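Student: Structure in structure tokens, see below.
Here, each number is a calculation from the coordinates, and none is a lab measurement. Predicted, not measured: the structure shown is a model, and the values here were computed from it. Backbone-built Cβ (ideal geometry, glycine too); neighbour counts: all protein chains shown.
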């Protein structure tokens, strides 16, 4: 008597019986390929730890991230305060843990705002061509010609220092790169036979772009967004360091480094601990992005 097929056999079936089975099988293959790469697996673990830390920050943090305790100011790392305390006696570990929420909020909102805008602009420019392409890509080139951090500083200075304005500023400076990628992807299949067949069936430009062009651009867009997360974190930390991002007493990692720079020679832990958090999370996104690029690139080529 033949053994019953396992879940793995069902997922890897070469002749799936439904679209759901096919999609689940593809997801299984992608996950398996990513987990075979040690650095990618490490990146997934780091990002998972960031998400869980942000969700359960209230349970994980041993102290309040904002309550001051001046008698305990500038204590070195110990069993009571694993990362020491800052100049106001606040537990740095608790502030780093709660800072994960702010970091995750920034990268998530920037990705949600910037990536769709860039994807739509690039797809429209590549699909229509002509003067539409020239105008949209001209605007894109204007944004790309200016350093991202300097442009973000200008927007935050105009909007006013706050975490929401920092998110808007970073999103405004991030979308042009996604537009360029989407346009390049669109140009590769704009004149393909299946696109021409869809148009011959009477499909409008909007339907072609939304139902057929945008989905084909998603793979490269996901990879680029993941790789850009490290840069977004560093930009947000830079704005926080300059006092233009999250405002005190919010435990934003860049702002924490700024408050610890006056004590860097003696009380090194005040600035070092949030700096390590930025480094580790940035590396996690880089490792994850590299793994996604290797898996989602059908030609197995690096660009």
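Student: What is the angle, in °, between the Cα long axis of helix 214-241 and the longest principal axis of the Cα atoms in the chain? Nearest 10 is fine, range 0 to 90.
Tutor: For 214-241 against the chain, the angle is about 20 degrees.
Student: OK, next. Taking 0.36 nm per residue of separation and subtracting the Cα-Cα distance, what length does fully extending residue 18 through residue 128 add?
Tutor: Difference between extended and current length: 36.1 nm.
Student: What number do you get for the stretch 237-287 when its Cα radius of gyration is normalised by 2.2 N^0.38 Å, N = residues?
Tutor: For the stretch 237-287, the normalised Cα radius of gyration comes out at 1.14.
Student: Continuing with the same structure: Along Cα→Cβ, 7 Å out, is where each label goes; now give me the distance between the ones at residue 242 and residue 188 in nm to one decimal.
Tutor: Calculated label separation equals 3.6 nm.
Student: Let me ask another. Normalized C-alpha radius of gyration of the stretch 1-160, against 2.2 N^0.38 Å?
Tutor: After normalising by residue count via 2.2 N^0.38 Å, the value is 1.62.
Student: Still on this structure, I have one more. Given only helices, namely DSSP H runs of n ≥ 4 each adding -39500 (n - 2.57), what is the per-residue ellipticity at 222 nm of the chain, to the nearest 500 deg cm²/dmol?
Tutor: -23000 deg cm²/dmol
Student: Out of every Cα pair in the chain, what percent are spaced more than 37 Å from each other?
Tutor: 29 percent
Student: Counting only the backbone N, which residues of the stretch 166-184 are under 15 Å from the spot 7 Å out from the Cα of residue 139 toward its beta-carbon?
Tutor: Counting backbone N atoms under 15 Å from the label point, the list is 172-180, 183.
Student: Then there's this: Could you give the angle, 0 to 90 degrees to the nearest 10, between helix 38-55's Cα long axis and the longest principal axis of the Cα atoms of the chain?
Tutor: Once rounded, the angle reads 60 degrees.
Student: Then there's this: Compute the long axis of helix 148-159 from its Cα atoms, compare it with the longest principal axis of the Cα atoms of the chain, and write down the angle in degrees, 0 to 90, nearest 10.
Tutor: Orientation of helix 148-159: about 70 degrees from the principal axis.
Student: Mind listing the Cα extents of the stretch 148-263 along all three principal axes, in Å, largest one first?
Tutor: Extents along the principal axes, in whole Å: 67, 25, 21.
Student: Here is a follow-up. Give the relative contact order (percent, whole number) for the chain; include only Cα pairs under 8 Å separated by 6+ residues.
Tutor: Answer for the chain is 22 percent.
Student: On a full-extension model of 0.36 nm per residue, what is the gain between residue 10 and residue 234, subtracting their alpha-carbon distance, rounded to one decimal in nm?
Tutor: Value of the extension gain: 76.4 nm.
Student: Obtain the radius of gyration and the Kirkwood radius of the stretch 117-184 from its C-alpha atoms and give Rg over Rh.
Tutor: Using Cα coordinates only, the ratio equals 1.06.
Student: Please compute the modelled spin-label separation between residue 154 and residue 48, points set 7 Å along Cα→Cβ, answer in nm with one decimal.
Tutor: So the label points at residue 48 and residue 154 sit 4.3 nm apart.
Student: Between the alpha-carbon centers of the stretch 111-158 and the stretch 225-269, tell me the distance in whole angstrom.
Tutor: Using only Cα atoms, the two centres lie 26 Å from each other.
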